[in-house]
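Some notes on the structure that comes next.
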Amino acid sequence: MFERPDAGERAVLVQLDLNQGALAERLSELELLTASAGASVEAVVEGRRAKPDPALFAGRGKVEEIGQALRAHAADLVVFNHALSPAQQRNLERELQCRVIDRTALILDIFAQRARSHEGKLQVELAQLDHLSTRLVRGWTHLERQKGGIGLRGPGETQLETDRRLLGARVKMLKSRLARIEKQRRVRRRGRERGGVLSVSLVGYTNAGKSTLFNALTKAGSYAADQLFATLDTTSRRLYLGDAGNVVLSDTVGFIRDLPHALVAAFHATLEETANADLLLHVVDAASADKEAQIDAVNEVLAEIGAGDVPQIMVMNKIDLTQALAGVRRDECGKIVRVFLSARTGEGLDLLREALAEAARRAAGAEPPTESAPIDSEIHHPVQS
């Protein structure tokens, strides 16, 4: 697998304007990702191109600028906020004489650091091996010959071919283990369905506050931090809602724009929990200037994993940073579709519990028509001092 950056590693970030929009937000996100991986950002190199250079992605002049930034800041790592092909990565490392990683490798490294459960570690390793499979030549170019000196003659295959064969066997074993875990997960899910318990999954952009909200509702004590991908392993707890009974609430991995497809594929079993939920709580960082793009990114991933049609309640979190009031918004049928709250301070949590209770009663066929709120209305509660 690719090397993990050591603590305190010094990085130069590269972002090119390829007409993809939201450049400031993308760069801010890359800085957070780099910090989450344990490296310090020493310099940022930006540029504009109509399309990537086939050989170096950034073009020779820009690569020289990156090299100058490396030397000026004594940095030893370059991080591209783009997906690099194996050839581009090799060419850049040859030109810059340092390690070069792309956005996918950076996210994979963070996942590798954060995975705690057995299943999470298997999923991350599978994603890493998928990413590595096209880059094996980087480590074995000096052995890529059928015949050579003492110690290099083998049974008719190069070291590169041997390594690919071993990698393929490891991938097959990981997929087999994950398939068994997925089967066990389906059995547990069928048990919940027979019990008639509403299944609710927290989804949202990474660092939107899902785990903080999960802890506030369930007192679970799950790890929560102001960093990207603080949660990788799915945690489920029963939540008692008074006369509405219990629901099962699950905290899941956060999404991010341009989420690597290898991760989506490797985390299939975990993400399938979301696709099979009865209700999604889509947690949004209401204080983010980029929240609309983040909402779109989450919905794109939900559609990719087959959860695009699962009913949602949008939870506008972090209102304590926006001076907004706790409140709810209902649709034309009287259902609560949006809740404004702060998981950190607790403002509006009672409104979210009531929204979940309404959903649970409706699922059980016991929810009367809502008459207390006009169509498409917002009800705001004053913020308690």
**Asked** Among GLN89, GLN97, which is the only one that is touching a strand residue (DSSP E or B) at 6+ places or on another chain (Cβ under 9 Å) and modelled with pLDDT of 90 or more?
**Response** GLN89
**Asked** Mind checking which residues of the stretch 323-337 are in a strand (DSSP E or B) and under 22 Å from SER288 (Cβ atoms)?
**Response** ALA326, GLY327, VAL328, ARG329, VAL337
**Item:** Matching helices (runs of 4 or more DSSP H) fully within the stretch 24-136 where at least 2 residues are within 18 Å of ALA265 (Cβ to Cβ) and open to solvent by 20 Å² or more (accessible area, probe 1.4 Å)
**Value:** 103-114, 118-132
**Message:** Can you confirm whether LEU56 is in contact with a Cys (Cβ under 8 Å, 6 or more places away or on another chain) and free of Cβ contacts under 8 Å to residues at least 60 places away in the same chain?
**Reply:** no
**Request:** Quick one: SER342 ticks every box in (1) over 20 Å from TYR205 (Cβ atoms); (2) assigned to a loop (DSSP other than H, G, I, E, B); (3) modelled with pLDDT of 95 or more except a single one, so which number is it?
**Result:** (1)
**Message:** One residue is enough: does the stretch 121-137 have a residue meeting the conditions more than 27 Å from VAL14 (Cα to Cα), among the acidic types (Asp, Glu), within 22 Å of the chain's Cα centre (by Cα) and at pLDDT 75 or above?
**Reply:** no
**Message:** Could you tell me how many of the residues in the stretch 304-322 are over 15 Å from ALA277 (Cα atoms), touching a residue at least 40 places away in the same chain (Cβ under 8 Å) and assigned to a loop (DSSP other than H, G, I, E, B)?
**Reply:** 1
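The values are calculated or read from the model by the stated rules, or taken from the named source; none is laboratory data. What you see is a predicted model; the values in this text were computed from it and never measured. Every residue, glycine as well, gets a Cβ built from its backbone with ideal geometry; the counts of neighbours run over all protein chains shown. The protein model used for the area step is the full one, side chains on, heavy atoms only, and it has no ligands, DNA or RNA in it. Shrake-Rupley method; radii C 1.70, N 1.55, O 1.52, S 1.80 Å.
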